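Reading through the structure tokens given below for one structure.
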Amino acid sequence: MPKPSRRSSLTNVRVFVAESNPLNCQLVERALRPKRNGIDIVGSAVDGGEALAFLRENQPDVAVVSAHFQNSALAGYRFLREVRTVTARTRSVMLLHCRDHELVVDAFRCGARGVVFRDEPLEVLCKCIHAVHHGQVWANSETMRYIIDALSKTMPVRLRDSRRVHFLSKREASIARLVAEGLNNEDIALQLEITGHTVRNNLFHIFEKLGVSTRVELVLYWLQQQSTSSSAEFGIQSKETATAD
């Protein structure tokens, strides 16, 4: 069975680790345990069935998943999809060994909210966990280019004048930013202290003003607009600037 943690906290991020073998589980747990990281390891597993049962019962905040879960190459991708079927609360971070373009994009397609490479410092993984826990999508500038390229190939969008972004009201801009961060209407309403009906109405006006028709197109619009206008971020946090709360 997944190993439960002996520590608990109301303030720290509750993290579950799904790794390829027990040794890797121990290494990741040991690295994340110091109190300064603001993380509680609530469990770990190397077996998919046991891991899903643990997630369903305990609903941790974040699951850190190895691409080579269960000692099988790329089994972690299948596990990411399964996580989404057993819990809507738990957000996933994928650990990758290499920076292969397709592997990175597929991680996000399968449900990951962040991707961290194993050769990156521990600090990066900790920041990623906190950012994902707070509803952000974690991607560095290189990964953002991968995502933009993949989206533009699968769903080309005929963008209207990018200056239309300036037509948005302050509230509409805030809602558009939160959509790009991956928040649903309910989460947006809670964060902005407005009703779900207000969110839906504002999205309708945003779509009209920007000339898009879906949330995916809205995110793509902003990513393309930002990538061509400046290095400033919109919605997706880069690892150079995202910070843990």
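The values are calculated or read from the model by the stated rules, or taken from the named source; none is laboratory data. Fair warning: this is a prediction, and the values are worked out from it, not measured in the lab. So basically every Cβ, Gly included, is an ideal-geometry build from the backbone, and we count neighbours across all protein chains shown. The protein model used for the area step is the full one, side chains on, heavy atoms only, and it has no ligands, DNA or RNA in it. Shrake-Rupley method; radii C 1.70, N 1.55, O 1.52, S 1.80 Å.
Rounded to the nearest 20 debye, what is the charge dipole size of region 33-102 about its Cα centre when +1 sits on each Lys and Arg Cβ and -1 on each Asp and Glu Cβ?
Working: 10 positive and 8 negative charges, 57 e Å.
So the dipole magnitude of region 33-102 works out to roughly 280 debye.
Given just the C-alpha atoms of region 66-118, how large is their convex hull per residue in cubic angstrom? Provide the component values of the computation, followed by the final result.
Numbers: hull volume 3.6 nm³, N = 53.
Dividing the Cα hull volume of region 66-118 by its residue count gives 68 Å³.
Give, to the nearest whole percent, the P(r) tail of region 35-111 beyond 15 angstrom, counting all Cα pairs. Please list the in-between numbers first.
Working: 1559 of 2926 pairs.
The proportion of pairs with Cα distances above 15 Å equals 53 percent.
Between 79, 32, 48, whose Cα lies farthest towards the positive end of the dipole of region 23-137 when Lys and Arg beta carbons carry +1 and Asp and Glu beta carbons carry -1, centred on the Cα centre?
Among 79, 32, 48, the one farthest towards the positive end of the dipole of region 23-137 is 32.
Could you give the size of the charge dipole of region 1-131 about its Cα centre, using +1 on the Cβ of each K and R and -1 on the Cβ of each D and E, expressed in debye and rounded to the nearest 20? The partial results should precede the final answer.
On the way: 19 positive and 14 negative charges, 95 e Å.
Here the size comes out at about 460 debye.
Take each of the peptides 43-51, 77-85, 186-194, average the number of other beta-carbon atoms within 10 Å over its residues, and list them starting from the highest.
Numbers: 43-51: 19.3, 77-85: 17.1, 186-194: 14.6.
Peptide ranking by packing, descending: 43-51, 77-85, 186-194.
Ordered by packing density, taken as the mean number of other Cβ atoms within 10 Å over each peptide's residues, highest first, how do 93-102, 109-118 rank?
Values: 93-102: 17.0, 109-118: 21.2.
Ranked from most to least packed, the peptides come out as 109-118, 93-102.
Probe radius 1.4 Å, ligands and nucleic acids ignored: give me the carbon and sulfur share of the accessible area of region 1-120 as a rounded percent.
Within region 1-120, the accessible surface is 48 percent carbon and sulfur.
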